[in-house]
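The values are calculated or read from the model by the stated rules, or taken from the named source; none is laboratory data. The structure presented is a predicted model; accordingly, all values stated were derived computationally and were not measured. Cβ placement follows ideal geometry from the backbone for every residue including glycine, while neighbour counts extend to all protein chains displayed. These area figures cover heavy atoms from the full protein model, side chains too; ligands, DNA and RNA do not enter into them. Shrake-Rupley method; radii C 1.70, N 1.55, O 1.52, S 1.80 Å.
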Amino acid sequence: MAEESEDLWLFGYGSLIWKPPPHYESLKTSESPATSKATFAAFGSQDHRGTPSAPGRVVTLIDRQLWETLTDQHASAPPRVWGAAYRIPAPHVAEVKSYLDIREINGYSIQYTPFQNPNPKQDMSATYQTVHPAPETQSQHNTANPIPAEIPKCLVYIGLPSNPQFLGPQDPQELAEHIMRSRGPSGENRDYLFQLEEALDGLSRESGDEHVTDLARRCRGIEDAGPRHT
């Protein structure tokens, strides 16, 4: 496996917020540009939170222009999508890319785009302590290589409507009921949703997602109302 000559910055959304890739040396709160919009119902999950015969539901990033053509249940959306930006040192870039190709291959295209630190004067690493522990090398790496205010080239996974897994938005209550009865090799679909809500809320005071919070509330209501969905 050939070694890359430069470090890689990766923008993580969904489970990549609380389950980071291997070998990352620094991370920060980051915002994707206004051309991206996260939507929970966009993709089915046949390999992690569902099965080929009963796909679960996961979030993905889609182009904002595409989102504006869809009949979404939430009429407005923030101009930014919050997530985690990871710096992968050059000696490990090829390995991490291979790992991500397996983990994220079901339904995404690879693109590169600039990202900005919402507070460039502040090291945001501590923000993640409630989501996952930062590696011991992080503080050392930050001392020698401070996190930049803007990352000119950051890898991001974008969902495309041409992918067979693309589903588009769905009725929120029907979606919540589907999530409650879905599970796959990576666990219960509801746990993915609850972890996503917690991770997003933990990034900053402005990083919560209306759609995710609404779905989590509906799923908890279903849990409280009756026996476990199967």
inquiry  = Given (1) over 13 Å from G14 (Cβ atoms); (2) out of contact with any Ser or Thr (no Cβ under 6 Å at 6 or more places or on another chain); (3) part of a helix (DSSP H, G or I), identify the lone condition not met by S207.
reply    = (3)
ask   = Is it true that some residue in segment 148-165 is modelled with pLDDT under 75, under 14 Å from L8 (Cβ atoms), among the β-branched types (V, I, T) and open to solvent by less than 70 Å² (accessible area, probe 1.4 Å)?
value = yes
Selection from segment 168-195 of residues that are surrounded by fewer than 16 Cβ atoms within 10 Å (Cβ to Cβ) and small (G, A, S) = G187
inquiry  = Looking only at segment 88-102, how many residues end up being modelled with pLDDT under 90 and open to solvent by less than 30 Å² (accessible area, probe 1.4 Å)?
reply    = 1
